[in-house]
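Participant: Starting off with a structure, shown below.
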Amino acid sequence: MNVLIIGATGYLGTSIAEAVVRHGYQVTATARSPHAAETLRARGYAVVDADASNPRSLFGPARASDAIVYCVNVTGADQFAVDTHALTQLVEAAKHSPKRIAYTSGVWIYGSTGDAPAGEDAPHFPATLVARRPELERIVLASAHEGVLATVVRPGIVYGRNGGIPEMFVTSARERGAATIVGDGTNHWPAIHVDDLGELFALALERAPIASIYNAADDSAFTVREIAEAASRGAGKNGATTLLPLEQARAVMGDFAEALALDQRISSAHARAELGWKPNAPSIVEDLERGSYATTQTPAGG
């Protein structure tokens, strides 16, 4: 199986591509710059000159592949437009010779869930930052009516390899002496190690039925305060944290602050049962305190 990955140089895409190779498949990666192409070739991947912001460039490579993974992290005012046009092109290509297409969404579409873990059928109350993400999911899932093996994966807060959102705690601790928490820190974050997430994608490409949706989170239920304290200890700051009230955070971080303040519990029982997926990485607290983020470790990049 030849898997086209759009976003293979990114934090999530790097791990997904590695998992695909571990499962014995070939990776074709899109590159939008000579530097990205060089990096991807050095990893042993086939490379095509294509970019999500130029959606027509995706059609040919997607049509030539056996499966497609879209894991692009688009930011800015044009985020929804870029993703919409890119996914539309990919779906059209997949229809010509029905194949798998997997889209990376996220659990922020559920909004705050309270104490009851949200399954894939939970209602959507998305944070403003991802308010239109359900529409993107529908573009992909609707293609199932035309024979495409459509899959949506909704990761929790992704950690590991000294990257992702949790790295913000480490940076604030090292630079200002305390890990900065948005809000009061009593909210919960569903977490998933980036390598476990890559494994879920690889399994989904192999086994997922048509029009499938999977949450991706481990069994932990740490509060943000617990996570920040672990990051602070790993940074050599003895667990020191500081609180940034949500309203102040919004003034600096915009809608991202609201998303960070969500209180969520997420169930991934469906992925475990249907795909045989089992997260086995150290917890987010362990990794922040003693693993890839810790002061004694060599940074792995993000």
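Participant: From the list Pro117, Pro123, Pro134, exactly one residue is open to solvent by 60 Å² or more (accessible area, probe 1.4 Å), out of contact with any Asp or Glu (no Cβ under 7 Å at 6 or more places or on another chain) and touching a residue at least 24 places away in the same chain (Cβ under 8 Å). Which is it?
Facilitator: So the residue among Pro117, Pro123, Pro134 that is open to solvent by 60 Å² or more (accessible area, probe 1.4 Å), out of contact with any Asp or Glu (no Cβ under 7 Å at 6 or more places or on another chain) and touching a residue at least 24 places away in the same chain (Cβ under 8 Å) is Pro117.
Participant: Return the residues of segment 31-58 that are surrounded by fewer than 17 Cβ atoms within 10 Å (Cβ to Cβ) and either in a helix (DSSP H, G or I) or β-branched (Val, Ile, Thr) (or both); say none if nothing qualifies.
Facilitator: The answer is Pro34, His35, Glu38, Arg41, Ala42, Arg56.
Participant: In addition: Condition check: of a type outside the set (Val, Ile, Thr), over 17 Å from Ala259 (Cα atoms) and open to solvent by 50 Å² or more (accessible area, probe 1.4 Å). Does Pro61 satisfy that? Write out each step before concluding.
Facilitator: Details: of a type outside the set (Val, Ile, Thr): yes; over 17 Å from Ala259 (Cα atoms): yes; open to solvent by 50 Å² or more (accessible area, probe 1.4 Å): no.
So Pro61 fails the test.
Participant: State the number of residues belonging to segment 95-113 that are part of a helix (DSSP H, G or I), open to solvent by less than 50 Å² (accessible area, probe 1.4 Å) and in contact with a helix residue (DSSP H, G or I) (Cβ under 6 Å, 6 or more places away or on another chain).
Facilitator: Going through segment 95-113 one residue at a time, the tally reaches 2.
Participant: Please specify each residue of segment 206-224 satisfying the condition of being buried (at least 24 other Cβ atoms within 10 Å of the Cβ) and either touching a Cys at 6+ places or on another chain (Cβ under 8 Å) or outside any loop (DSSP other than H, G, I, E, B) (or both).
Facilitator: Correct list: Tyr214, Asn215, Ala216, Val224.
Participant: Restricting the search to segment 6-30, which residues are touching a Leu at 6+ places or on another chain (Cβ under 9 Å) and part of a strand (DSSP E or B)?
Facilitator: Selection gives Ile6, Val27, Thr28, Ala29, Thr30.
Participant: Keeping to segment 168-205, report how many residues are open to solvent by less than 20 Å² (accessible area, probe 1.4 Å), farther than 18 Å from Ala294 by Cα and polar (S, T, N, Q).
Facilitator: 1
Participant: Scan segment 66-79 and tell me whether some residue there is in a strand (DSSP E or B) and open to solvent by 10 Å² or more (accessible area, probe 1.4 Å).
Facilitator: no
Participant: Right, something else. Which condition number does Arg207 fail, the rest of (1) in contact with a Ser or Thr (Cβ under 8 Å, 6 or more places away or on another chain); (2) of a type outside the set (Val, Ile, Thr); (3) under 24 Å from Thr14 (Cα atoms) being met?
Facilitator: Arg207 satisfies every listed condition except (1).
The values are calculated or read from the model by the stated rules, or taken from the named source; none is laboratory data. None of these values were measured; they are calculated from a predicted model. Neighbour counts run over all protein chains shown; Cβ positions are idealised from the backbone, glycine included. Calculation scope for accessible area: heavy atoms of the full protein, side chains included, ligands and nucleic acids excluded. Shrake-Rupley method; radii C 1.70, N 1.55, O 1.52, S 1.80 Å.
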